[in-house]
Amino acid sequence: MKAVRLVEIGKPLQSQEIPIPAIGDRDVLVRVKAAGICHSDVHYRAGTSPVTHLPVTPGHEVAGVVERVGAGVSNFRVGDRVCIHYMVTCGECAYCSRGNEQFCVQGKMIGKHRDGGYAEYIAVPARSVVHLPEDVPFEHGAVLMCSSATSFHALRKSRLQPGETVAVFGAGGLGMSAIQIARAFGALDVYAVDINADKLRLAERFGAIPVDASKGDPVAEIRRLTGGRGVDVALEVIGLPQTMEQAVKSLAIFGRAVLVGITRKPIEVDSYFDLIGREAEIIGSDDHLMSELPTLIELARRGILDLSHVVTRTVPLDADAINQVMDNLERFKGDTRTVIVP
C-alpha cells in the first residue's frame, strides 16, 4: 500500500510503498477514507514533540471503512463506517481503569508511536474504533478525532458552567470546534482571538465575538468588552508563550485558563496579580478520552457542531502536497483544516 512517512526529523515526509498491516484476533483493518493534517504532526516532523521510532506513518485524525476484522471481534463488520480513537491503550493499568487512558503506561498514539493514517490502510485494536453515522462525512469524522475531541476535553476540564464567558485564543481547527462546543455547553459569550481576518469572520458566523489581535492588545480588548471583568474560561489552542500569557491575563476572578497548544518554551505569569489575587487557575489539558467520543459524534450528527466550514481543503495522499500544508502550519498560515483523502 501507499503511505506518506516521517523518515528523518526535520526533513520532509516521504512517499513509500509498505505492506498492508496484519491484524490480530481483536483488531480491525480500516481502509482510510480521510486523515486530518494536524499541527501536532508538524511538531513531530520538527522534533518538538518527539516520536519513538523512525520511520513512522503520521496521521492521528482518521476515519474510514472496516476492511477486515479479527476472529475475536463481534461489534464491527466489514463495510462499517468508523472513526479511530488515536490512543491505543492496555485497558488494564490504573489510569485506564479510572477512565484516564491518555496516561496509559503502555499507551501508544497512532501517527506518533505506531503507524497512523497517512496511508491507504491502518490496523488498530477494535476497542479503539467507534461507529461513524452515515450522515457525518468521513472528512468531518477524521477531524472529530483530534481537534474537536481535544477542544471538547479541554472545555470539560475547564468546568465551564452555563452562563459563563469564554475566550478562545486561536481560531483554527481546534478553535472553531471550541467556539461551537462552548456555546453548546451554555457559554453566554464566546470571544475568538486571532490575527487572521478570514478566521475571525468564520468564528463570528459560529456566534463568537471577534477580537483581532493584530490591531492591539487582545487582553485589553477582552477587558473592555466585558466591562473590565475578564472571562471565566480562557482556552489557548495555539501553542505560543505570548498567547498563553494573554489567556491567563484575560481571566476574571475565579477564572480558569486551559492550555492546550504545544510549546517547549516557558511562560511568565505574575503569580499574585494574575493568579493568587484572583484565585484563578492554570489547567493543562492533554488529548481526550474514548468515553467523550460518542457525545461529540452525536453533536456533529445533530448539526450542533458544524464542521462544514472548518474542513476547508482536501489534498491527495501525496508527500509534496502534505509537506506544503505542514509548511504552512509551521508558519501559522494556511487553511483552517486540511484533510487527506486517499
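Just so you know, all these numbers are worked out from the coordinates, no wet-lab data involved. Because the structure is a prediction, the values reported are computed rather than measured. Note: ideal-geometry Cβ built from the backbone for every residue, glycine included; neighbour counts use all protein chains shown.
Results, tabulated for the structure shown:
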item: Cβ-placed point charges (K, R +1; D, E -1), dipole of region 232-342 about Cα centre in debye, nearest 20; result: 240 debye
item: The chain - share of DSSP beta bridges that are antiparallel (%, nearest 5); result: 55 percent
item: Note, ³J(HN,Hα) from phi for region 14-27, Karplus 6.51, -1.76, 1.60, rounded to Hz, x at Gly and Pro; result: 10, 7, 9, 9, 10, x, 5, x, 7, 10, x, 4, 10, 10
item: Shape call, the chain: gyration tensor on alpha carbons, a/c limit 1.5; result: prolate
item: Volume of the Cα convex hull of region 151-284, divided per residue and given in Å³; result: 92 Å³
item: Gap separating the Cα centres of region 238-272 and region 292-342, nearest whole Å; result: 26 Å
item: Among 172-181, 282-291, the order from most to least packed when residues are scored by Cβ within 10 Å on average; result: 172-181, 282-291
item: Cleavage-rule hits (GluC sites (Glu not before Pro)) in region 183-289: DSSP loop, at most 16 neighbouring Cβ within 10 angstrom; result: Glu268, Glu279
item: Size of charge dipole - the chain - debye, nearest 20, with Cβ of Lys, Arg +1 and Asp, Glu -1, no other charges; result: 180 debye
item: In Hz, Karplus ³J(HN,Hα) per residue of region 242-259 (6.51, -1.76, 1.60; θ = phi - 60°; x = Gly, Pro); result: 4, 6, 5, 5, 5, 4, 5, 5, 7, 6, 7, 4, 6, x, 10, 9, 9, 9
item: Residue-by-residue Karplus 3J(HN,Hα) for region 185-195, coefficients 6.51, -1.76, 1.60, Hz, glycine and proline x; result: 6, x, 4, 6, 9, 10, 9, 9, 10, 6, 10
item: Span from the region 97-158 Cα centroid across to the region 21-93 one, whole angstrom; result: 8 Å
